[in-house]
Amino acid sequence: MNQFQYVRASKPKAAIEALARDPNAQFIAGGTNLLDLMKRGVMAPQKLIDINKLPLDKIERQEGNIRIGALALNGAVAEDKLVLEKLPLLAQALNAGASAQLRNMATVGGNMLQRTRCPYFYDTAMPCNKREPGTGCGALEGFNRMHAIFGFSDKCIAVHPSDMSVALAALDATVLISGPKGDRRIPFAELHRLPGDQPHIDTTLGAGELITAVEVPDNAFSRHVHYLKVRERASYAFALVSVAAALQLDGSTIKDARLAMGGVAHKPWRLTDAEKALVGKPATDETFRQAAEVAMRGAKAFKHNAYKLKLGPNSIVQALKNAAAA
Ligand code: SF4
């Protein structure tokens, strides 16, 4: 591992100023992804700014929202009474995301900002436009079994690895950000980028910006919800495909729906057309199948991931059935 400086910030303003002063610095909180990346030579920040002491770990109700501090631990959020009562979809996604050990280290902010698990990104002997812009993409003609079927480019076909982010995308969360130019809020859907010509840039965060919290509307998606994750082994692994499904039912009629997929794109993949296809329809297998067909429009597979074209719609149907029955 490269040598690096380590400093600890005790106030958000000091952390932001420290990062803004040094373009080669990185924030570190749980470190569950960043330290792996540093040990393997994928990232080599010259300074780590430890933000674990910042007062950003509260989970509280605020004006029609549940606000979750960026430094709240994944395990604490998944077990929080308010989250279990109001946002069970988020709790399910967090519990599906990682082992208890990781959940007790990883933070909400870090979970959003974790980097792809594309094996070529981690192998410094292989070309990777995300790790080293302009070197090519090892996965395009390589073993692309885990890779994207939506929103990819000819520069990168990686997928975002976070389960939590799929639930937050489905639930219309808002990201709260502080930076050198002040505070701002963005819809969760605008946090992560598609790869385009610049796959090395994962998010729309500006230089020196810090995620301070995420807000999720305290809406009626608290009962008929299901997070379905399909992975290669029953113990913890990243999603081949995942689906966050939430329904509001009036008897057996769907009043409103939220749907997003993971493991299929460079960002959590919200399925708004499929949501519209569900609203006003009876909650039946036929309705769910039609919505899944809508959801998969535009999907395109590579040599080794064609199975996702079947696994995707089947997972959507199953997640919706489970949500309706919840
Ligand atoms: Fe790198 Fe993206 Fe290609 Fe993977 S898919 S090798 S992360 S450029």
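Specify the inter-centroid distance of segment 72-109 and segment 283-310, based on alpha-carbon positions, in whole Å.
Here the answer is 28 Å between Cα centres.
On a 0 to 90 degree scale, rounded to 10, what angle separates helix 12-21 from the longest Cα axis of the chain?
The angle comes out at about 60 degrees.
May I ask you to derive the FRET efficiency for H200 and L82 from their Cβ-Cβ distance with R0 = 22 Å, giving the value to the nearest 0.05?
It comes out at approximately 0.05.
So what is the diffusion coefficient of the chain in µm² per second by Stokes-Einstein at 20 °C and 1.002 mPa s, using a Kirkwood Rh over Cα pairs?
Calculated translational D: 106 µm²/s.
Take the cross-link list K130/K181; K86/K255; K130/K267; K13/K181; K13/K39; K86/K276 and give me the ones stretching past 21 Å between alpha-carbons.
K130/K181; K13/K39; K86/K276
Helix 285-295 sits at what angle to the longest principal axis of the chain, using alpha carbons and giving 0 to 90 degrees rounded to 10?
Tilt relative to the chain: about 40 degrees.
Might you tell me the accessible area per residue for segment 224-325, computed with a 1.4 Å probe and given in Å²?
Roughly 44 Å² per residue, with all protein chains present.
Find the centroid of the Cα atoms in segment 231-273 and in segment 1-59, then give the distance between the two in whole Å.
With segment 231-273 and segment 1-59 each reduced to a Cα centre, they are spaced 32 Å.
Could you check the spin-label model distance between D154 and T253? Points 7 Å from the Cα along Cα→Cβ, value in nm.
5.0
Give a quick list of trypsin sites (Lys or Arg not before Pro) in segment 240-326 that DSSP marks as loop, anything other than H, G, I, E or B, with at most 14 other Cβ atoms within 10 Å.
For trypsin sites (Lys or Arg not before Pro) across segment 240-326 that sit outside H, G, I, E and B with at most 14 neighbouring Cβ atoms in 10 Å, the list reads R297, K300, K303.
For a paramagnetic label modelled at 7 Å from the Cα of R145 toward its Cβ, which residues of segment 282-326 fall within the zone defined by backbone nitrogen distances under 19 Å?
301-312
Most fluctuating residue of S162, S242, S222 in a GNM of the chain with Cα springs under 10 Å: which is it?
S222
Using a 1.4 Å probe on the protein heavy atoms, what percent of the accessible area of segment 247-286 belongs to carbon and sulfur?
With neighbouring chains kept in place, the figure for segment 247-286 is 46 percent.
With each pseudo-label sitting 7 Å past Cα toward Cβ, what's the K276-K39 distance in nm, one decimal?
About 4.7 nm, to one decimal.
Using only the alpha-carbon atoms, how far is helix 88-97 inclined from the longest principal axis of the chain? Give it as 0 to 90 degrees, nearest 10.
60
Counting other C-beta atoms within 10 Å, and keeping those with at most 13, which DSSP coil GluC sites (Glu not before Pro) do you find in segment 1-105?
Answer in residue order: E63.
What shape does segment 35-94 take by its C-alpha gyration tensor, where a ≥ b ≥ c are the square roots of the eigenvalues and a/c under 1.5 counts as rounded, a/b above b/c as prolate, and the rest as oblate?
Cα axes put segment 35-94 in the prolate bin.
Please give the calculated 222 nm ellipticity per residue for the chain, where each DSSP H segment of at least 4 residues contributes -39500 (n - 2.57) and the sum is spread over every residue; nearest 500 deg cm²/dmol?
Using -39500 (n - 2.57) per qualifying helix, the result is -8000 deg cm²/dmol.
For a quick check, take a GNM of the chain with Cα springs below 10 Å and name the residue from L278, L84, L247 with the largest mean-square fluctuation.
Largest GNM mean-square fluctuation: L84.
The values are calculated or read from the model by the stated rules, or taken from the named source; none is laboratory data. Quantities reported herein were computed from a predicted structural model and do not represent experimental measurements. Cβ sites come from the backbone with ideal geometry, for glycine too, and all protein chains shown count toward neighbours. Note: accessible area is taken over every heavy atom of the protein model, side chains too, but ligands, DNA and RNA are not part of it. Shrake-Rupley method; radii C 1.70, N 1.55, O 1.52, S 1.80 Å.
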